[in-house]
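Have a look at the structure below, then the notes.
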Amino acid sequence: RTLLNEITNRDIVKLNSWFKETKRMRGAYKGTIGLSDNTINIRRRAILAFFRWCVKMEYMKKVPLGLDQIPKNKVVAASSVSIDVNRKKIITLDEFNRLIEAEGNPILRSYYRLAFNTGLRRCEINDSEYTQIPDRNGNMKDVLRVTKTKGDKREEPRYIPLKDKSLLTDWYICKEAQYKVGRITKGFNKSAKAAGFWIAYDKTFHALRH
């Protein structure tokens, strides 16, 4: 064990190496070696906040170096392909059609179609409500009402139009199934790989929304 007042920059180097070498124990990327840059940044912020508190309380003399945030515009390697994380991630129509063809689970196909045609997140699909509202001409149209978004945050209701009745059928299927986010992600990754276009952190379920 290392006491707080004995922690040095060398210990932080070891910690950063552990971030890149540890095996993920849960989630869609379970078994993958190395944490994502976003996860590393979150953990570094928490550790840095703790160290600053320790310095304030005089448990440590100074905060060790090496806990800087990884720049968001960093180019990362995924599946031997270099990508810019700031580049907008999309699934093309051709890739989407191949995904649907490769997916053997009809419930997951419904999730994919809803995300691709409405831009809803996985959690938003599960939590949305069906209703009808009048259009400019006074005709009633089918919409999904969303009040909960990323991070379980509440916001003003959004009304997402359903372009055709088949999407309403997909919505009923998803609402009944209530698949967990991890199950949806794993299914997508498996089918995207089978369809030949999967790239970690780039060709993801989230990219269906764009």
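The values are calculated or read from the model by the stated rules, or taken from the named source; none is laboratory data. Small disclaimer: the values here were computed from a predicted structure and weren't measured. Using ideal geometry, Cβ is built from the backbone for each residue, glycine included, and neighbour counts are taken over all protein chains shown. Note: accessible area is taken over every heavy atom of the protein model, side chains too, but ligands, DNA and RNA are not part of it. Shrake-Rupley method; radii C 1.70, N 1.55, O 1.52, S 1.80 Å.
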- Options R109, R113, R158, R98: the member that is part of a strand (DSSP E or B), at pLDDT 85 or above and not β-branched (V, I, T): R158
- Message: Being modelled with pLDDT under 90 and under 30 Å from K30 (Cα atoms) narrows it down to one residue among I199, I184, I173; which is it?
- Response: I199
- Test T149 against the criterion of being within 19 Å of the chain's Cα centre (by Cα), at pLDDT below 90 and within 23 Å of K180 (Cα to Cα), and give yes or no. yes
- What single numbered condition from (1) under 14 Å from A115 (Cα atoms); (2) touching a Ser or Thr at 6+ places or on another chain (Cβ under 6 Å) fails to hold for S166? (2)
- Could you grab me the full set of residues in region 1-17 that are modelled with pLDDT under 85, part of a helix (DSSP H, G or I) and among the hydrophobic types (A, V, I, L, M, F, W, C)? L4
- Query: Of the residues in region 18-47, how many are of a type in the set (A, V, I, L, M), part of a helix (DSSP H, G or I) and either open to solvent by 30 Å² or more (accessible area, probe 1.4 Å) or touching a Pro at 6+ places or on another chain (Cβ under 8 Å) (or both)?
  - Reply: 3
- Item | Criterion (aromatic (F, W, Y), over 18 Å from L208 (Cα atoms) and touching a residue at least 12 places away in the same chain (Cβ under 8 Å)) met by exactly one of Y179, Y112, Y130 | Y130
- Item | Filtered residues of region 1-45 (kept if within 20 Å of the chain's Cα centre (by Cα) and aliphatic (A, V, I, L, M)) | M25, A28, I33, L35, I40, I42
- Task: Please work out which residue is modelled with the highest pLDDT, limiting yourself to region 62-82 and to residues that are open to solvent by 90 Å² or more (accessible area, probe 1.4 Å) and under 14 Å from R45 (Cβ atoms).
- Result: D68
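Just need a number here: residues in region 48-61 that are out of contact with any helix residue (DSSP H, G or I) (no Cβ under 8 Å at 6 or more places or on another chain) and exposed (fewer than 15 other Cβ atoms within 10 Å of the Cβ).
Qualifying residue count, region 48-61: 8.
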- Message: For region 160-179, give me the residue count where each residue is open to solvent by 60 Å² or more (accessible area, probe 1.4 Å), closer than 25 Å to L93 by Cβ and of a type outside the set (K, R).
- Response: 6
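Return the residues of region 164-182 that are in a helix (DSSP H, G or I) and under 12 Å from C123 (Cα atoms); say none if nothing qualifies.
Across region 164-182, the qualifying residues are C174, K175, V181, G182.
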- Just need a number here: residues in region 180-196 that are buried (at least 19 other Cβ atoms within 10 Å of the Cβ) and not small (G, A, S). 2
- Number of positions in region 123-143 that are out of contact with any Pro (no Cβ under 8 Å at 6 or more places or on another chain) and assigned to a strand (DSSP E or B): 6
